[in-house]
1. List the pairs whose first member sits in region 95-119 and is closer than 24 Å to I80 by Cα and in contact (Cβ under 8 Å) with a residue 12 or more places away in the chain, whose second member is acidic (D, E) and surrounded by 18 or more Cβ atoms within 10 Å (Cβ to Cβ), and whose Cβ atoms are under 6 Å apart, counting only residues at least 6 apart or on separate chains?
2. Quick check on region 198-237: of everything there that is in contact with a Ser or Thr (Cβ under 6 Å, 6 or more places away or on another chain) and not in a helix (DSSP H, G or I), which residue is nearest to K176 (Cα to Cα)?
3. Taking the residues in region 179-193 that are assigned to a loop (DSSP other than H, G, I, E, B) and either out of contact with any strand residue (DSSP E or B) (no Cβ under 8 Å at 6 or more places or on another chain) or modelled with pLDDT under 95 (or both) as candidates, determine which candidate is farthest from N243 (Cα to Cα).
4. Restricting to region 29-85, count the residues that are of a type in the set (D, E, K, R), part of a helix (DSSP H, G or I) and either farther than 23 Å from G164 by Cβ or under 17 Å from the mean Cα position of the chain (by Cα) (or both).
5. Quick one: would you say L149 is without any contact (Cβ under 8 Å) to a residue 40 or more places away in the chain, crowded, with 20+ Cβ neighbours inside 10 Å, on the phi < 0 side of the Ramachandran plot and part of a helix (DSSP H, G or I)?
6. Would you pick out the residues in region 244-277 that are farther than 14 Å from T201 by Cα, surrounded by 15 or more Cβ atoms within 10 Å (Cβ to Cβ) and touching a helix residue (DSSP H, G or I) at 6+ places or on another chain (Cβ under 9 Å)?
Amino acid sequence: MIMTTAKTAICLLALCCAGGYAQSKNAPALVDFEMMTWPEVKQAMQQGKTTALIYNGGTEQRGPQNVNGGHTLMGHAIVIAIAEKLGDAIAAPVMPFSVNNANPDLPGTIGLTGPLFAALNEQVAEQMIKNGFKNVVLMGDHGGGQKELGEVAKKLDEKYSGQGIRVVFCDEVYQKAQDDFDKWLAANNYPVSSHAGIPDTSEMLYLGGDKGWVRKDLIATAVGDPVRKRGEARDPNAKRINNGITGDARPSTAELGKRAFDIKVAYAVDQIHRLLK
């Protein structure tokens, strides 16, 4: 009898430990919609996680050194971090396509037209509302599509605000964060770059340098076409490299990537608080 009781106690203890381990191991995923079961989503909403974050990534060539899925890979890490810091949000699956267009010279892009991109985001937002979310936040990691996200948010916010449901566009996670990081780089004497440059390459090194996101052996030669100001005509005498990089990405480091990542997350959390206040 004593032996049976002892065995039962040991079994119960083992089950409790296993359950505790599973809960601890899976805790970070409880803001990741696609890694949750429907009862977990329902319980999370009942406990106050009523904000859905819809983050748009993209599939786009990113120079010889970075994988084409960079926008989506970075976007997933960013939106999970935003959801965790907000505390009342769940991250929807990251959308893998942006407003863009394929190019046979640099075959790494799969783009959507603006109207199709807008329609997809509108339908996903409405599906999250049907699931029971009270707030929906639209965001994007790519310049193409920012205008459409703003328009979709305005349209749906007008449609649902009378029901106590908000739909907003968080633009500072992209433009403001990017601009301020570029200013910091310039102030600290880093060379100018944009697409597939220091910000992209550094952030991918930070988040996925050990996961194959960056071909590290190519960073030493990661120099592309000269950077142009918006609206500025291309200098006909400037040498074209046409490798997908704009500017000089050679100084990229994981440390710089962490700075870029932290800025995006902090700016998003702050703006979402303000938008949903």
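The values are calculated or read from the model by the stated rules, or taken from the named source; none is laboratory data. In this text the structure is predicted, and so the values were computed from the model without any measurement. Cβ sites come from the backbone with ideal geometry, for glycine too, and all protein chains shown count toward neighbours.
1. F117/E148; A118/E148
2. Here the answer is V227.
3. So in region 179-193, the residues assigned to a loop (DSSP other than H, G, I, E, B) come out as 188-192.
Checking which are either out of contact with any strand residue (DSSP E or B) (no Cβ under 8 Å at 6 or more places or on another chain) or modelled with pLDDT under 95 (or both) leaves us with 188-190, 192.
Working: N188: 26, N189: 24, Y190: 21, V192: 17 Å.
Per the stated criteria, the residue is N188.
4. If we filter region 29-85 for residues that are of a type in the set (D, E, K, R), which is where we start, we get 32, 34, 40, 42, 49, 60, 62, 84-85.
Still in the list and also part of a helix (DSSP H, G or I): 34, 40, 42, 84-85.
The next check asks that each one be either farther than 23 Å from G164 by Cβ or under 17 Å from the mean Cα position of the chain (by Cα) (or both); those that pass are 34, 40, 84-85.
Final tally of qualifying residues: 4.
5. Values: without any contact (Cβ under 8 Å) to a residue 40 or more places away in the chain: no; crowded, with 20+ Cβ neighbours inside 10 Å: yes; on the phi < 0 side of the Ramachandran plot: yes; part of a helix (DSSP H, G or I): yes.
Judged against the criteria, L149 is not a match.
6. I263, K264, V265, A266, Y267, A268, V269, Q271, I272
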